[in-house]
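Below is one structure, written out as C-alpha cells; the observations come after it.
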Amino acid sequence: PAVFLDRDGVINHDTGHLYKIKDFKWKKGAIDTIRYLFENNYYVFIITNQSGIGRGLYKENDVIKLHEWINLELLKENCKIDEFVFSPFYKKSKIKKYKSKKYLNMRKPNTGMIDYLIKKWPINIKKSFLIGDNLTDICAGTKRNIYSERIDSKQNLLTLTKKIHKKMN
C-alpha cells in the first residue's frame, strides 16, 4: 500500500510558494505520521503542485534541494519519503515547457503524478490512500479510485492517518 500526501498544508505550514529550507516549518504530527506509515510498510509519496517554478519565482533545483533536505531530516527520525513528485505547470509561464500538456497532466486535479508513481512502484491501490488540504488533491485521488480525505488546518495528521489506516485494514 501507498500513501500519497500533498506537501504544503499537509506536512508543512503553507506559506505560499515555499522553496527555501529556512521557510519550511513541519506541521505538528507530520514526522510522527511519516514514521508511522514507514513502520507499517506503506510507500510514502509526496505529490505537489509547484506553479512557482512556471511563474519564475524559483527553479526546479530549488524544490529538489528542499525535498532532499526534508528526507535528510526524516532519516534522522528513522523514516523517509519514498519519492517526491511535483508539477511546475503554470498556464501563463513565459517558459514554454512549463505550459506543456505533459506538465498540465501532472498538475492536480489531474492524475499524472499518481499515474507515474503507480507505473514505477508495485502499489496496492485498494489499500492505499491520499491526504490533501485542497479539493484539487482529493479530486486527483478519487479520479484514480484511491480513498482520499481532506485535512483541515485544525486536524492532526497522525490522528487522521491512524483513523484511515484502521478503516483500510
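Read-outs: derived from the displayed coordinates by stated rules, not from any lab. In this text the structure is predicted, and so the values were computed from the model without any measurement.
Points worth noting:
- q = 0.13, 0.18, 0.25 Å⁻¹, segment 33-107: log10 I(q)/I(0) [Debye, one scatterer per Cα]: -0.46, -0.73, -1.03
- Using just its DSSP H runs of length 4 or more, each adding -39500 (n - 2.57), the chain gives a mean residue ellipticity at 222 nm of -11000 deg cm²/dmol after division by all residues.
- Beta bridge orientation in the chain: antiparallel %, DSSP, nearest 5: 5
- Relative contact order (%) - segment 1-77, alpha-carbon pairs under 8 angstrom, separation at least six: 38
- Stokes-Einstein D in µm²/s, Kirkwood radius over Cα pairs - the chain at 37 °C with 0.692 mPa s viscosity: 205
- Shown here is the pair-distance distribution of segment 1-59: with all Cα-Cα distances grouped in 10 Å bins from zero up to the longest one, the shares run 22, 46, 26, 6 percent.
- Applying Stokes-Einstein at 25 °C and 0.890 mPa s to the Kirkwood radius of segment 69-145, computed over alpha-carbon pairs, gives a translational diffusion coefficient of 174 µm² s⁻¹.
- For the chain, relative contact order (Cα pairs under 8 Å, six or more residues apart, normalised by length) works out to 26 percent.
- Max mean-square fluctuation residue, GNM over the chain, Cα-Cα springs under 10 Å, options Lys97, Lys27, Lys120: Lys120
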